[in-house]
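The values are calculated or read from the model by the stated rules, or taken from the named source; none is laboratory data. Remember, it's a predicted structure, so these values are computed and weren't measured experimentally. Cβ placement follows ideal geometry from the backbone for every residue including glycine, while neighbour counts extend to all protein chains displayed. Surface areas here come from the heavy atoms of the whole protein model, side chains and all, with no ligands, DNA or RNA. Shrake-Rupley method; radii C 1.70, N 1.55, O 1.52, S 1.80 Å.
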Amino acid sequence: MSESKDEPAGSTTSSTLGMGSVHLMFFLSGAASLICQVVWFKQLIFVLGSSTFAVSVTVSTFFLGLSLGSWQGGRLADRVARPLVAYGLLELGLSVVSLAITLLLSRWASWVPMVAPLFGRDTPAAGIATVAVSVAVLLPPTALMGATLPLLVKYLVREQADLAERIGLLYGINTLGAVFGCATVGLILIGTLGVIQSSGVASVIYLVIAGLAAWLVTRTGSAAALHRSAELAGDAELESSPGDSEGARRVLVLVMVFAVSGFIAIAYEVLWFRVLANFNLHTVYAFSAMLSTYLLGLVLGALICARYLARNKEKLLEYFATLQLLIALAGTITLVMLGRSRNFFEALAGLKEWAGISETGLAALGSSLEIAAICLIILLVPTTLIGVGFPLASELTIQHLSGLGKRIGRLYALNTAGGTLGSLAAGFVLLPLLGSQWSLTLIIALNGLLFVTIMVTQPTLRGTRRLWRLGAEVLLVVGVCLAIIGPNYLAGAQSNFLGGEVLAFHEARDATFVVMGYESPEAGAFQQLLVNGRSYANNAPPGRRYMALLAHLPTFIHASPKSALIACVGTGTTVGSLTTHASLQTIDAVDLSPDVFEFAPFFVPINHSFHQEPRVKQVVADARHYLLGSDRRFDVITFEPPPPQDAGVVNLYSREFYELASERLETGGVVAQWIPLDLERRILPLMMIQAMRSVFPHVSLWISNRMEGIVVGSEQPLQIDLEVWRTRMAEPGVAADLLAVGIDSPEDLAATFIAADAALERLVGEVPEVSDNHPRIEYFSFYPYESMRYDWILARAEPIERYLVSPPRRPESLDTARAVARSIWLEHEAMVLGDHEAAKRHVDQGLALDPENRYLRYLAAYQKRDR
């Protein structure tokens, strides 16, 4: 055995200052590691795509690196003479490696196009390539991260009696650092500094840790000899004890139980987060809150074990068995509470309104606090119980300090490897095959099975009737609770929307999908698609109008389109509108999930049965990654992503994305993008427009209805020939599709124009642009509340006549169409403001000018019902 020449920071010689330094180092290490994890995951999406497979591979590789690093770090800890020196060198290495990886990933545009065709395809080769890149990028730094824990444990622990307490405290402090890092990077760093700069902060933190370790080594090195002889004597005594094969088998069972506990812990995390995402938890703030709460629970569990449980050595095994029961019970209660998440949100929203938070600049903070509160209510108890497990398992399974590093490294490695399998199994097997409720039920049952395993294999517990009785009672309560709520409890909670009928509910690998059907006298039958609880599209007249124009407008602006790409399919309304144009020979419809195409029949006939149209190529892929890996070029590219404030959606609104789209355009091609103008912060849609303007020399803004903006970018100046539009609009399919949404003439379509080029530049003003390094839309809380109003927009609008190739044949028709469009816009604004009389007045004015307009007639009928 190698000598440990570093002085333990917890000794009487080193004092409280030394122990505090070690704890500070490991706290900072946890913070830096989570910052790096968030940054790298964000960057790897640009390389591997955002498919569920790519994200799962990335997460699993991160865990795998921690596992391998822990295993090897444990072996290293037993071999090196000075584990604190080795720890400092690892942190120094992380400082360099972490920044190097971030810089490599930040320059993805220079090397990814060469390998991009290998990714994003549903083939074995694509899967192998994805795994290979993920391993090459993440394995070196995560292995270094994983090796740090065994080295510090080896440095700190000098007596068997201290094992659970020291490990619990160390693990808790490190995880507390992870909570701090997760919250900081998710709520502050990226939003203020940027992605690359956030990684630089982590690199500096690692450098500080290495400096602290060097300082501590120089401070304590002279006194190391005082402890070396005592340690060697203790180790020799332990090693001289004869081995017990039966005892070794019992310990091995406990090690495997802890490995399965890792599987259970991460499977719970995946399943809980998936269900919570169905209750309006979609932003980076929401995911930061969920992950921070999960980690905070682990912190509390580890510290509770260190402070209260570790001292009762004779009861540790009993605690470990009872822990499995408590996790099963807490998991059951959490399942029940998940089904009532909507009630919790409503209660907290009412409390926030009562406190006046929603009316002040604290509204963004209030939203984050609301999400954090829900996560604490639902998740804190089970995650705290999960956190108790690691320090307990450490003392129960590590019998000799002579091999402490190897043993603790192995234990942590197996637990982390179990977590890797738990992540993959939950996302790829359990959810698609069983759904969230039955998956959670299975994991709860697995906790019960671990209790039985411990009881049967450990002789000191086998005859303990009190524990067997407790186990029977807890499992009976769990079974009764699950029977009472019924097998479709969570499915019902996730599809409980008023006023409609659930046409389809499917918990897929990628997301949870709900198709709702509605019937109203004004709109007739229409449907809605919800993904993870968020409405992605509906084909009621207001939604149908802007989605149809997302297809028709860029197609008309292009001189002679033959090919089109539509990303983010939704209900298929936009794809269906594209199919009405006979000139389009090919239409690539790209969506991240295959389920979107399977649900297409629910939205017939409004989507024109696009899924049966031979010209439509159905592509399951990340839209950005599809463009990156394809050499095809298109005349028209149009997008209607999910709400841009949702986590990850900003990748379809950044400067780099528009640069990629520009490269995939044929000469004269156009890109159209949906821009929601009704966000609570006016600067956000302006930043989106600015991102497109930073790439395309000619950009125009159009508003179809409500506050649904459409920006169109091109290398060519905007030139509109209303007579050509009239001819193309006369095609039967096109005419019928436009007439259904209140567009009866080219003048009606031209009337939706707001501004282009110089006038649009004045409208946008001086705002920062959105980029991959500065995904500002996700960090919306940094910007002031100031909603966009039509008086503000119209004061900056310009006449479309400046872009007509010839004067309009009937100028009065264009003026009338503009007045009608303004009536449609102002009706929506009045309804939002609650001024029903003004809304009715605007509709009446529009109908007086265009009495047959179907969209205005719908609005009039809807107002009558609403009153």
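Among 67-75, 142-150, the peptide with the highest mean count of other Cβ atoms within 10 Å heads the list, and the full ranking is 142-150, 67-75.
Each residue was assigned an accessible area with a 1.4 Å probe, and for residue 154 the value is about 10 Å². Taking Cβ atoms as reference points and 15 Å as the exclusive limit, the residues near residue 462 contribute a net charge of +3, counting Lys and Arg as +1 and Asp and Glu as -1.
Inter-part distance, region 713-783 to region 651-691, computed on C-alpha centroids, equals 11 Å.
The simple Förster model, with R0 at 30 Å and r as the Cβ-Cβ distance, assigns residue 476 and residue 501 a FRET efficiency of 0.20. Of the residues 818, 802, the one with the largest accessible area comes first in the ranking 802, 818, computed with a 1.4 Å probe on protein heavy atoms.
Length gained on full extension, residue 715 to residue 136, computed as 0.36 nm times the residue gap minus the Cα-Cα distance: 204.6 nm. Around the Cα centre of region 514-645, unit charges on the Cβ atoms of Lys, Arg, Asp and Glu (plus for the first two, minus for the last two) sum to a dipole of about 300 debye. Here residue 245 sits with roughly 80 square angstrom of accessible surface, probe radius 1.4 Å.
Can you tell me how much longer the chain between residue 724 and residue 41 gets when fully stretched, taken as 0.36 nm per residue apart minus their C-alpha distance, in nm with one decimal?
Numbers: separation 683, 0.36 × 683 = 245.88 nm, distance 4.78 nm.
This chain segment gains 241.1 nm when fully extended.
Lys-Lys pairs in the chain that are eight or more residues apart or on separate chains and whose Cα atoms lie under 27 Å of each other come to 9.
Entry comment: accessible area of the chain is 38 Å² per residue, from protein heavy atoms only and a probe of 1.4 Å.
Taking the DSSP bridge list for the chain and keeping only pairs wholly inside it, about 60 percent are antiparallel. Residue ranges 41-54, 202-215 sort as 41-54, 202-215 when ordered by packing (mean number of other C-beta atoms within 10 Å per residue, highest first). Working from the Cα coordinates of region 572-618, the gyration tensor eigenvalues give, after taking √(5λ), semi-axes of 16, 12, 8 Å in decreasing order. Against the set (1) 36.4, 125; (2) 34.9, 131; (3) 30.5, 103, the structure's computed Rg and Dmax of the Cα atoms in Å falls on (3). When a/c reaches 1.5 or more, the comparison of a/b and b/c decides; with that in mind, is region 754-842 rounded, prolate or oblate per its Cα gyration tensor? Oblate shape, in that a/c is at least 1.5 and b/c is the bigger or equal ratio.
Residue ranges 782-793, 540-551 sort as 540-551, 782-793 when ordered by packing (mean number of other C-beta atoms within 10 Å per residue, highest first).
Return the carbon/sulfur percentage of the accessible area of the chain, one whole number, probe 1.4 Å, all protein chains in place. Summing carbon and sulfur atoms, their accessible area is 61 percent of the total for the chain. Among 678, 595, 757, the sequence by solvent-accessible area, most first, with a 1.4 Å probe is 678, 757, 595. Counting every C-alpha pair in region 584-699, the share spaced more than 25 angstrom apart comes to 29%.
Local charge for residue 591 was computed over the other residues whose Cβ lies under 13 Å away, with Lys and Arg +1 and Asp and Glu -1, and equals -4. With 0.36 nm allotted per residue and the present C-alpha distance subtracted, the residue 256-residue 731 stretch has 164.1 nm of extension available.
Mean residue ellipticity, 222 nm, helices only, the chain: the sum of -39500 (n - 2.57) across DSSP H runs of n ≥ 4, divided by residue count and rounded to 500, is -20500 deg cm²/dmol.
Amide H to amide H, with H built 1.01 Å from N, residue 804 comes under 5 Å of 720, counting only residues 5 or more places away or on other chains. Using C-alpha pairs below 8 Å separated by at least 6 residues, the relative contact order for the chain is 13 percent.
Can you bin region 717-867 into rounded, prolate or oblate? Criterion: square roots of the alpha carbon gyration tensor eigenvalues sorted a ≥ b ≥ c, rounded for a/c under 1.5, prolate for a/b above b/c, oblate for the rest. Because a/c hits 1.5 or more and a/b fails to exceed b/c, region 717-867 counts as oblate.
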